[in-house]
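One structure is given here, and the rest of the page talks about it.
The values are calculated or read from the model by the stated rules, or taken from the named source; none is laboratory data. Fair warning: this is a prediction, and the values are worked out from it, not measured in the lab. Cβ sites come from the backbone with ideal geometry, for glycine too, and all protein chains shown count toward neighbours. Surface areas here come from the heavy atoms of the whole protein model, side chains and all, with no ligands, DNA or RNA. Shrake-Rupley method; radii C 1.70, N 1.55, O 1.52, S 1.80 Å.
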Amino acid sequence: MTISPSNVSLERRAWNIRRHAIRMGEVQGQGYIAQALDIADVLATAYFHAMRYEPQNPEWEGRDRFLLSNGHYAIALYAALIEAGIVPEDELETYGFDDSRLPMSGMASYTPGMEMSGGSLGLGLSIAVGKCLGLKRKGSDSRVYTLFSDGELDEGSVWEAIMSAAHYKLDNLIAIVDVNNQQADGPSTSMLGFEPLAEKLAAFNWFVQRVDGNDLGAVRAAFDAAKDANGGRPSMIIADTLMGKGIPFLEARDKNHFIRVDAHEWQLALAALDERKPA
Amino acid sequence: MKPATAHPAPAAKGADAPAKPRLTTSAMIASIAGEGQRTKPAPFGHALVECAKTDPSIVGMTADLGKYTDLHIFQQAFPDRYYQMGMAEQLLFGAASGLAAEGFTPFATTYAVFASRRAYDFIHQTIAEEDRNVKIVCALPGLTSGYGPSHQAAEDLALMRAIPNMTVIDPCDAHEIEQAVPAIVAHKGPVYMRLLRGQVPLVLDEYGYTFELGKAKMLRDGYEVLLISSGIMTMRALEAAKALEADRVDVGVLHVPTIKPLDTATLLEACAKPGRLVVVVENHTVIGGLGEAVAGLLMREGVHPAFRMIGLPDEFLAAGALPTLHDRYGISTDALCAQVKGWLK
Ligand SMILES: Cc1ncc(C[n+]2csc(CCOP(=O)(O)OP(=O)(O)O)c2C)c(N)n1
Ligand SMILES: [Mg+2]
């Protein structure tokens with residue numbers, strides 16, 4: 001059994017994911033909220049359009065795997081897992097507190113549906129290579145989706161995995177890189193230049209698509225094309241995103257790895273979102 | 001494989017659930033300073049700028065953690081002597097080795113976990129084996145982040161101690177960091193130094209303390225118990241000694257900021273005092289850190305005091321608020337006092 005087709009729109013799913021994330025940010029008074037807002041459209045598409053899974057049985061053998069390589073985006077994935085019914089919604093009240101199943105950095109042993117322990121960046125694609133090899137070895141048709149951040153492109157390990165995935169023709173791998181042009185010390189472009197990224201990855205024998213990661217139609221089309229048309233190649237979706245997407249005052253704020261959100265602004269963010277509720 | 005249920009789902013809220021204070025997870029940008037404690041901002045960054053004014057060989061390097069290791073202070077003062085390497089720790093230390101080979105003195109910064117784990121072979125081979133003059137300066141030492149094992153450097157000292165040629169330093173406060181920076185510039189060869197950043201506590205100035213590379217210093221003497229400590233645990237040991245004094249327990253504190261090479265003479269003399277319980281206190285796993293280093297020394301030299309160790313357990317530590325975690329793992333001041341009292345019974 002997989003999730004039954006629902007008549008809830010992807011727009012609404014993405015909006016719900018943003019709302020859950022802001023509520024978690026408010027609970028803890030901190031969190032990577034600007035990143036959660038930028039990646040909500042990708043997560044909505046992964047969980048409500050592309051992936052196969054059973055919400056009640058997150059370890060179901062036939063599921064598609066989702067790896068969160070950028071573990072500091074956990075707040076975003078928890079929001080998606082809540083929306084998917086894998087984590088109960090009222091658990092968001094525990095986000096980041098002692099003994100919660102939702103720690104601030106994503107870890108496999110804590111959270112149902114969290115398939116790897118992140119926090120140390122640059123690990124996910126290597127795990128993905130092994131999972132893809134293992135799934136093929138088992139004769140499984142499940143896919144491995146792996147989300148990682150543009151900062152992770154700096155790590156050599158990521159490029160080792162990129163070469164390996166092409167070498168082994170891992171057409172069951174769909175990687176998504178969030179190009180929000182932000183890292184800890186400043187804009188990614190000022191850290192360690194990785195452009196022209198699409199050309200580089202294509203030269204590494206990946207099937208590459210570059211989309212506006214906040215355009216749901218484009219993201220959905222990219223996931224579809226990644227599944228269908230990769231011709232024995234692993235698939236990379238380069239998602240250019242806007243930090244703070246969906247909350248105008250956060251979209252306009254100075255970009256920072258930890259975007260400033262004052263205590264009273266969590267409610268303002270929810271109000272701004274509520275004004276923009278899709279059908 | 002660990003099941004996803006290793007951590008139980010929260011129980012339904014009962015009407016009579018005890019009201020526990022809810023502490024937020026300590027972000028990696030948070031300061032280790034307690035409420036109302038005296039602090040100094042960015043002592044490492046400022047001390048490095050001072051050294052660099054007279055030593056043109058000094059360059060600063062980081063792997064996307066300049067702001068989080070106080071190296072941005074150096075960047076502002078000497079923008080053309082600062083190298084942002086991107087989030088590439090292996091590259092950071094390999095390139096630091098290369099700069100050192102060309103006569104420069106690189107100060108290379110990241111978090112302790114990423115130097116000691118991600119880049120270990122690069123440090124071992126390109127820096128230590130080649131005996132390059134690289135200063136590795138790392139924030140979030142031991143258990144100073146609530147983000148879980150990825151950011152908790154419980155074993156950094158064990159890993160760095162095990163490398164030949166490496167000098168290893170675990171400073172206690174801002175006063176000591178300020179003095180350690182010129183000292184490691186003066187020392188030729190690879191150094192690993194643990195870093196406290198942001199608003200860093202000021203403690204040791206009250207003890208008339210001066211840092212000397214390779215020297216342990218008795219901060220207060222006591223005939224019943226000797227606490228041997230480094231880093232932030234010296235701050236805790238001093239607090240515990242004061243608290244125990246109120247309970248009429250006489251406690252000495254020996255501060256050992258240089259983990260390698262150990263000040264064996266001072267340690268042996270202090271531990272040979274008869275009738276005194278020796279307790280090594282460390283912000284590090286009990287495996288391979290100061291505790292086992294001191295234990296090994298005492299065994300080899302035939303000095304056998306009553307001996308105990310306080311340190312982090314051999315397990316993956318939890319995520320959560322730092323005060324909770326320090327209590328749980330026995331390295332808060334209260335936990336120190338309780339353990340010492342238990343052993344004296
Ligand atoms: C291996 C590793 N090195 C350094 C860090 C510290 N760190 C945490 S997030 C971050 C920025 C990485 O870039 P990105 O994920 O693109 O940042 P964001 O878009 O969330 O601002 C860094 C350097 C880390 N977590 N892991
Ligand atoms: Mg980024």
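Annotations
- Among the residues of A:182-188, the average count of other protein chain beta-carbon atoms within 10 Å of the residue beta-carbon is 5.
- Amide H contacts under 5 Å for residue A:87, placed H, 5+ residues apart: A:82
- CD proxy at 222 nm, helix term only [per DSSP H run n ≥ 4: -39500 (n - 2.57); per residue of chain B; nearest 500]: -9000 deg cm²/dmol
- Basic side chains Lys and Arg get +1 at the Cβ, acidic Asp and Glu get -1 at the Cβ, and with that the dipole of the protein assembly as shown about its Cα centre reaches some 720 debye.
- Sequence-distant lysines (8 or more away, or on other chains) whose Cα lies within less than 30 Å of residue B:188: B:40, B:53, B:67, B:135, B:215, B:217, B:260
- Atom-type composition of the exposed protein surface of chain A places 50 percent of the accessible area on carbon and sulfur (1.4 angstrom probe).
- Mean separation of Cα contacts under 8 Å, 6 or more apart, over the residue count of segment A:1-130: relative contact order %: 26
- If you take the Cα centroid of segment A:158-232 and the Cα centroid of segment B:242-318, the two points sit 51 Å apart.
- Inter-part distance where segment B:71-139 and segment A:28-76 are each reduced to a Cα centre, Å: 35
- Its Cα centre serving as origin, segment A:68-129 has a Cβ charge dipole (Lys and Arg +1, Asp and Glu -1) of approximately 340 debye.
- Ranked packing of B:180-192, B:275-287, A:193-205, most packed first, by mean Cβ within 10 Å: B:275-287, B:180-192, A:193-205
- Where both bridge residues fall in the protein assembly as shown, DSSP classifies roughly 15% of the beta bridges as antiparallel.
- Mean partner shielding of peptide B:312-320, defined as the number of other chain Cβ atoms within 10 Å of each residue Cβ, is 3.
- The mean number of partner chain beta-carbon atoms within 10 angstrom of a residue's beta-carbon across peptide B:145-154 is 5.
- Estimated from helical segments only, the mean residue ellipticity of chain A at 222 nm is -11000 deg cm²/dmol, where each DSSP H run of four or more residues counts as -39500 (n - 2.57).
- In degrees, nearest ten, helix A:10-28 long axis to first principal axis of chain A (Cα): 60
- In percent, rounded to a whole number, the relative contact order of chain A is 22, using alpha-carbon pairs under 8 Å and six or more apart.
- Ordering A:20, B:46 by accessible surface, largest first, gives B:46, A:20; the 1.4 Å probe counts only protein heavy atoms, with every chain in place.
- Net dipole in debye of segment B:214-344 [+1 Lys, Arg Cβ; -1 Asp, Glu Cβ; about Cα centre; nearest 20]: 200
- Signed unit charges on C-beta, dipole axis of chain B, positive-most listed residue B:233, B:87, B:34: B:34
- Think of chain B as having a plus end and a minus end, set by charges on the Cβ of Lys, Arg, Asp and Glu; of B:11, B:78, B:140, B:11 sits farthest toward the positive end of this dipole.
- Surface composition of chain B: carbon plus sulfur atoms hold 55% of the accessible area, using a 1.4 angstrom probe and ignoring ligands, DNA and RNA.
- Mean sequence separation of contacting Cα pairs (under 8 Å, at least six apart), scaled by the length of segment B:39-201, corresponds to a relative contact order of 28 percent.
- If R0 is 56 Å, the Cβ-Cβ spacing of residue A:264 and residue B:218 corresponds to a FRET efficiency of close to 0.65.
- Bridge type composition, segment B:39-181 - antiparallel percent by DSSP, nearest 5: 5
- Qualifying aspartates and glutamates (Cα of each under 14 Å from Cα of residue A:277; at least 8 residues distant if same chain): A:11
- Axis of helix A:156-167 versus longest Cα principal axis of chain A: the two differ by about 50°, to the nearest ten degrees.
- Within straight-line cross-link reach of residue A:136, lysines at Cα separation under 28 Å, skipping those fewer than 8 residues along the same chain: A:169, A:200, A:227, B:2
- Antiparallel DSSP beta bridges within chain B, as percent of all bridges there, nearest 5: 20
- For segment A:1-127: accessible area per residue (Å², 1.4 Å): 28
- For chain A, the longest principal axis of the alpha carbon atoms and the long axis of helix A:124-137 meet at an angle near 50°.
- Each of A:57, B:214, B:287 was placed along the dipole of the protein assembly as shown (beta-carbon charges, centred on the mean Cα), and the one lying farthest toward the positive end is A:57.
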